Amino acid sequence: MKTRLLEILICPACLPAEIPLAVTLRRQDKDEILEGDLRCDKCGGQYPIRDGLAFLDIPSAAPRQQGIGYESPRALASYLWSHYGDMLNDPEASDAYSQWAALIAPTDGPVLDIGSAVGRFAFEIQDKCDFVIGIDKSESFIRAARELLTRRRKVISLPEEGKLQREVTLQLPEAWHADNMEFIVGDAHALPFRSGIFACLASLNLVDKLPRPLQHLIELDRVARRNDAQALVSDPFSWSLEAAEEHHWLGGKTSHPFAGRGLDNITALLRGDQQALRAAWQIERQGHVWWKIRTHANHFELIRSCYIKACR
């Protein structure tokens with residue numbers, strides 16, 4: 001983890017209080033903390049940094065689930081392909097991340113990619129900002145993103161059929177540098193950053209995957225600048241009981257709160273119609289991007305992700 005993050009980090013468990021974290025360094029290489037611990041002196045929370053990877057989600061009594069769900073090798077391969085398939089010269093790949101990145105205007109401040117998964121959007125916009133941070137709850141995804149960040153390449157095992165796999169090598173473009181980027185493990189419901197820090201924030205294909213999507217938007221708004229800020233929210237609004245209880249959905253139902261379509265409800269939230277956020281956003285643009293994810297050589301999902309680009 002880059003040392004420059006220390007000045008903006010807070011304890012996610014103590015929110016809404018913003019308690020800075022004390023650091024214990026064990027191994028450091030220039031501006032990179034390789035081994036250490038972050039500690040909250042108020043609640044006693046401990047946030048480890050191991051092999052350069054910072055774990056800044058709220059500590060849980062339950063151990064991290066390895067090898068299942070988003071932590072499974074199959075899910076990792078699917079997301080690596082969905083993010084970088086075009087760079088592997090796969091004719092089935094989409095250019096969704098370059099389309100999303102094109103919606104972002106250059107800014108003189110830091111950018112936060114919430115739910116960054118394996119990092120493509122963060123890489124796409126790193127030349128448009130001072131610094132970009134990708135944050136995701138999946139350790140597997142963030143490890144892959146940091147491997148690309150530090151090693152510039154990654155061997156990917158793509159499922160072909162049944163137990164058959166095909167290895168491909170992803171090499172990042174030389175134009176993508178690592179000096180102004182970082183990826184950390186964290187929770188979209190409790191972002192470990194001080195308020196009013198970020199000049200631009202993105203939430204791509206995340207809202208309908210969260211147990212409490214409104215809390216995610218409140219957190220996105222909290223860490224955004226009050227002025228001179230951009231926000232990009234894009235989602236297919238595939239509401240499901242597996243992800244969230246129905247009363248937490250922000251659309252896709254006839255009952256209140258948030259009856260109707262998710263796109264309309266999130267637009268209203270950003271505009272300040274429901275006064276859930278600190279300050280209103282102006283809706284700059286709406287549209288959709290076609291995003292594709294691969295399960296194996298003969299199975300793909302094509303998803304229409306509807307976006308709202310806002311500013312204030």
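Were the residues from residue 161 through residue 247 laid out at 0.36 nm apart, the gain over their Cα-Cα distance would be 27.1 nm.
This model, with +1 at the C-beta of Lys and Arg and -1 at the C-beta of Asp and Glu, gives the chain a dipole about its Cα centre of some 260 debye.
What number, rounded to the nearest 500 deg cm²/dmol, is the helix-based mean residue ellipticity at 222 nm of the chain, given -39500 (n - 2.57) per DSSP H run of at least four residues and division by all its residues? Intermediate values should be presented prior to the final figure.
Numbers: 6 runs with 59 residues, N = 312.
Here the helix-only value at 222 nm equals -5500 deg cm²/dmol.
The charge dipole of the range 129-195, taken about the Cα centre with unit charges on the Cβ atoms of Lys, Arg (+1) and Asp, Glu (-1), comes to about 160 debye, rounded to the nearest 20. Highest-first packing order for the peptide set 278-290, 209-221, 110-122 is 110-122, 209-221, 278-290, based on the mean count of other beta carbon atoms within 10 Å. Taken along the Cα-to-beta-carbon direction at a fixed 7 Å, the label points for residue 51 and residue 105 span 4.1 nm.
Near residue 106, within a Cβ-to-Cβ distance under 14 Å, what is the net charge of the other residues, with Lys and Arg +1 and Asp and Glu -1? Here the count lands on -4.
Could you tell me whether the range 1-61 comes out rounded, prolate or oblate from its Cα gyration tensor? Rule is a ≥ b ≥ c as square roots of the eigenvalues, rounded for a/c under 1.5, then prolate if a/b exceeds b/c, otherwise oblate.
Working: a/c = 2.21, a/b = 1.64, b/c = 1.35.
Prolate.
Just subtract the alpha-carbon distance of residue 228 and residue 283 from 0.36 nm times their residue separation and send over the number in nm, one decimal.
On the way: separation 55, 0.36 × 55 = 19.80 nm, distance 1.37 nm.
So the chain would gain 18.4 nm between residue 228 and residue 283.
Cα gyration tensor of the range 69-187, axes a ≥ b ≥ c as square roots of the eigenvalues: rounded (a/c below 1.5), prolate (a/b > b/c) or oblate? It is prolate, given that a/c is not under 1.5 and a/b is the larger ratio.
For the cross-link pairs 2/292; 137/292; 30/292; 42/154; 30/154, the ones whose C-alpha atoms lie over 28 Å apart are 2/292; 30/292; 42/154. Note on residue 23 and residue 259: the model spin-label points, each 7 Å out from Cα along the C-beta direction, lie 5.1 nm apart.
Between residue 215 and residue 171, what is the label-point separation in nm under the 7 Å Cα-to-beta-carbon projection? Spacing of the two 7 Å Cα→Cβ label points: 4.5 nm.
Multiply the residue separation of residue 92 and residue 304 by 0.36 nm, subtract the distance between their alpha-carbon atoms, and state the gained length in nm to one decimal. Intermediate values should be presented prior to the final figure.
Details: separation 212, 0.36 × 212 = 76.32 nm, distance 1.56 nm.
Answer, rounded to one decimal: 74.8 nm.
If r is the Cβ-Cβ distance from residue 178 to residue 7 and R0 is 22 Å, what FRET efficiency results, to the nearest 0.05? Using R0 = 22 Å, I get an efficiency of 0.65.
With the charge dipole of the range 209-312 set up from +1 on Lys and Arg Cβ and -1 on Asp and Glu Cβ about the Cα centre, the Cα lying farthest toward the positive end among the listed residues 274, 305, 231 is that of 231.
We did not get these values from a lab; they are worked out from the coordinates using the rules stated. In this text the structure is predicted, and so the values were computed from the model without any measurement. In this analysis, Cβ positions are derived from the backbone assuming ideal geometry, glycine residues included, and neighbour counts consider all displayed protein chains.
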